[in-house]
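The values are calculated or read from the model by the stated rules, or taken from the named source; none is laboratory data. Treat the numbers as computed from the prediction; the structure is a model and nothing was measured. Methodologically, a virtual Cβ is constructed for each residue, glycine included, from the backbone with ideal geometry; neighbour enumeration extends over all protein chains shown. All accessible areas refer to the heavy atoms of the entire protein, side chains included, with ligands and DNA or RNA removed. Shrake-Rupley method; radii C 1.70, N 1.55, O 1.52, S 1.80 Å.
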Amino acid sequence: MKRIIKTALAAACLATASTSWAAAPAASTDKTPFKIGLILPMTGPFASTGKQINTAVELFTKQNGDTVDGRKVQVILRDDGGLQPENTKRIAQEMVVQDKVNVLAGFGLTPLAFAAAPVATQAKVPMIVMSAATSSIVKKSPYIVRTSLTLPQVTAPLADWAAKTAKIKTVITFVTDYAPGHDAEKVFVHEFTKNGGKILESIRVPLQNPDFAPYLQRVKDAKPDAMFVFVPSGPGSELMKQFKDKGLAKAGIRLIGDGDVLDDDLLPHMGDEVAGIVTSHHYSAAHDSPENKAYVAAFEKFDGNKYRPNFMSVGGYDGMHLIYAALKKAGPTATGDQLLAAMKGMHWESPRGPISIDPQTRDIIQNVYLRRAEKINGQYWNVEFKTFHDVKDPGVPD
Ligand code: PHB
């Protein structure tokens, strides 16, 4: 496993900083750096998640400097490969014991966050979940704070809209077969049927190397009004391609879903099969705010215009904001418990809109948006058309 220690970035890079983290009324007496142990899938099928989050973490550091109140901040990045929870747990243990990190961060997928949670509890180290999105994650350790999303949070508003506004009567749910997919399915079924909709079937597809074709054939044969989709960030392009090739749209079946399927990381390379598709999510690169316009421009410039920032990137960017703000508030020599206390109830303006950390659950409270895929200047974007304000995780029905 390759270890990359990121070191100081010159103060000259601070031009775009919006908050002065470094201005130090009380300079730190602690000469050891404040260490953030960042564990991400940098290789394997979910490497796009690691790449997006790591770029955002580097961008945040470039914009805000690597010192908070006189204490040097060091990010230690390690790759867990994405699919082996035991690996993630071992890396978290090594980071706590050998590197003596002050905060753990990252966690690309739910099983990896589950695996690392006991390490955070035992070490009394805050664990910032920047990506994983199963509702129950925050219950796995009192040291977990989440800056990503929860599947119930983004799914419930879509199910409501589908039944009440889009007048969709019958749905087949189509989710990846692991914890966040189960959350999405249960919440969609609950909300949609509560509002008079009918579920014809609930299909679960494997997490690893999914071949969507046979499952899509089943959907086509059953002819629902719509197929509700959750797949994690990554396989969305392949699903959309097969949805088109199998002729589901031509058969009159509408696709709706959580925003992960039309991930901004993939969307610029997708074709007209995505035109008009409605999804719900907490972040779109097309979000119309000055903060987001500045973020997208800075991200694209920083990574040499290779890719568009997606929702994973804002989870990383806001996770860094949370850590810096907590360190600033609790002081440069703060313990894990003091940092955690500082994080609870914190609120700020993110590129995604206003966000806060629920002081009781340590989960993120944020706006959820309905978006429609539209072509603008030759590329598709998720254009937001309805906002649900300050949505908390509603949890999962039994
Ligand atoms: C998760 O494993 O919790 C997860 C990963 C990627 C997503 C959503 C959820 O896009």
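So, with +1 on the Cβ of K and R and -1 on the Cβ of D and E, and no other charges, what is the size of the charge dipole of the chain about its Cα centre, to the nearest 20 debye? Can you show the working numbers first?
Working: 46 positive and 41 negative charges, 38 e Å.
In debye, rounded to 20, the chain gives about 180.
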Positive-end residue, the chain charge dipole about Cα centroid, Cβ charges, pick of 187, 359, 373: 359
Apportionment of accessible area to carbon and sulfur, the range 276-398, percent (1.4 Å): 51
Residue-level accessible surface for residue 312, protein heavy atoms, 1.4 Å, Å²: 10
Cα-based Kirkwood hydrodynamic radius, the range 294-360, one decimal, Å: 13.2
Tilt relative to the chain, helix 290-302 - C-alpha long axis, 0 to 90 degrees, to 10: 80
Farthest positive-ward along the range 311-398 dipole, Cα basis, beta-carbon charges - from 385, 345, 322: 385
Long-range lysine pairs (8 or more apart or interchain), the range 240-371, Cα under 23 Å: 6
Choice from 181, 37, 353 showing the highest fluctuation, given a GNM over the chain with Cα pairs closer than 10 Å: 353
Share antiparallel - DSSP beta bridges, the chain, percent rounded to 5: 40
Pairs of lysine residues in the range 82-202 - Cα separation under 30 Å, sequence separation of 8 or more or cross-chain: 25
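Longest segment of the chain with no trypsin sites (Lys or Arg not before Pro) in a DSSP loop having at most 10 other Cβ atoms within 10 Å? Kindly include the intermediate steps, with their values, before the conclusion.
Details: sites that count: 2, 31, 167, 250, 306.
Longest gap between qualifying sites, sites excluded: 32-166.
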Normalised contact order of the chain, rounded percent, pairs of Cα under 8 Å and 6 or more residues apart: 17
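Residues of the chain: accessible area per residue at 1.4 Å, in Å²? Walk me through the numbers on the way to the answer.
Values: 15290 Å² over 398 residues.
In whole numbers, the chain has 38 Å² accessible per residue.
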Rounded tilt (10° steps) of 213-222 against the dominant C-alpha axis of the chain: 50
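If you average over every viewing direction, what projected area does the convex hull of the Cα atoms of the chain give, in nm²?
18.1
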Solvent-accessible surface (1.4 angstrom probe) belonging to residue 296, in square angstrom, nearest 10: 20
Acute angle (nearest 10 degrees) that the helix 311-330 long axis makes with the longest principal axis of the chain, alpha-carbon atoms: 30
Between the range 67-116 and the range 128-206, the Cα center-to-center distance that results, in Å: 27
Solvent-accessible surface (1.4 angstrom probe) belonging to residue 288, in square angstrom, nearest 10: 120
Cα gyration tensor shape of the range 163-264, rounded if a/c is under 1.5, else prolate or oblate by comparing a/b with b/c: oblate
